[in-house]
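Here the structure comes first, spelled out in C-alpha cells, and everything after it is commentary.
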Amino acid sequence: MQKDEVQKALDRFKDHIIAQAKRNLTNKDKNVSKKLYNSIEGEVKVFPNSIGMYFSMEEYGAYQDLGVKGKKSASKAPQSPFRFGSGTGKKGGLTAAMEKWVTQRRIQFKDRKSGKFMSYKSTAWLMTRSIYSKGIKPSLFFTKPFEAAYKNLPNELIDKYGLEASKLFNDIIKQPK
C-alpha cells in the first residue's frame, strides 16, 4: 500500500470510530451537556515505517467507556482498570459532578416518610454514595466502535504495520488529553 492509501484508510478508520462513539453516547442517553460528545477527536499520522494514531476526549470519557469498580464491589465493572477509593482522583469530584447531573436532568427523590421531594443536593448525595460503593457499569461507547472498525481494516495494512487490536486500543485509551 502507498502512503496516501494508508493515510486515507486510517482516516476513514478514525472518522468511523468517532462518529460511532458519538452516536453511542446519544443513544445511551449519556449526552446531556454534550461536553464529552464535543471533546472526542482523533488524529492519524503515517510515517514510512510506522503510524501514529491519537484519540482524545474528556478524562471522564474513559470512565464512562470502561466503567469503574466500586469501593465495596467490583461486580459492575470487573475488568475496569479504574476504582473508586484508590486515592488518585480529585476529592469531591464525583459529588460535584452528580449535583450538576441531577440538576440538569431535574431528578429528585421523594422522602419516604413525608412524601416530599428532596433537594437536588440530597438526591445527588444518595446517588454519589451508591455509585462510589457499587461502581459504574461500562458503556463501551468507544470500545465497541473501535473493535468493529479494526475488523474492517485491510489485512495488508495490519500485516505491514503489525497492528494488534488490544495493544493499539490500550495505547490509545491510556493517552492523556
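The values are calculated or read from the model by the stated rules, or taken from the named source; none is laboratory data. These numbers come from a predicted model, not from an experiment. Cβ atoms come from the backbone with ideal geometry, glycine included; neighbour counts cover every protein chain shown.
Residues that are touching a residue at least 24 places away in the same chain (Cβ under 8 Å) and either assigned to a helix (DSSP H, G or I) or among the charged types (D, E, K, R) (or both) within segment 1-18 comprise 3, 6, 7, 9, 10, 11, 13, 14, 15, 16, 17, 18, listed in sequence order. The one condition from (1) free of Cβ contacts under 8 Å to residues at least 12 places away in the same chain; (2) surrounded by 16 or more Cβ atoms within 10 Å (Cβ to Cβ); (3) outside the structural domain of residue 144 (by TED's automatic domain parsing) that residue 110 does not meet is (2). Report yes if some residue within segment 59-80 is part of a loop (DSSP other than H, G, I, E, B) and closer than 30 Å to residue 6 by Cα; otherwise report no. Within segment 59-80 (the criterion being part of a loop (DSSP other than H, G, I, E, B) and closer than 30 Å to residue 6 by Cα), the answer is yes, since at least one residue qualifies.
From the list 37, 60, pick out the single residue that is surrounded by 13 or more Cβ atoms within 10 Å (Cβ to Cβ), among the hydroxyl-bearing types (Ser, Thr, Tyr), modelled with pLDDT under 90 and not assigned by TED's automatic domain parsing to the domain that holds residue 101. Unique residue meeting the criteria: 60.
The set of residues in segment 7-17 that are hydrophobic (A, V, I, L, M, F, W, C) and surrounded by fewer than 19 Cβ atoms within 10 Å (Cβ to Cβ) contains only 9.
As a summary of the residue check, residue 25 satisfies the conditions (1) assigned to a helix (DSSP H, G or I); (2) in contact with a helix residue (DSSP H, G or I) (Cβ under 8 Å, 6 or more places away or on another chain); (3) closer than 30 Å to residue 156 by Cα except for the one numbered (3). Only a single criterion out of (1) in the same structural domain as residue 149 (by TED's automatic domain parsing); (2) surrounded by 16 or more Cβ atoms within 10 Å (Cβ to Cβ); (3) touching a helix residue (DSSP H, G or I) at 6+ places or on another chain (Cβ under 7 Å); (4) in contact (Cβ under 8 Å) with a residue 12 or more places away in the chain is not satisfied by residue 32, namely (2).
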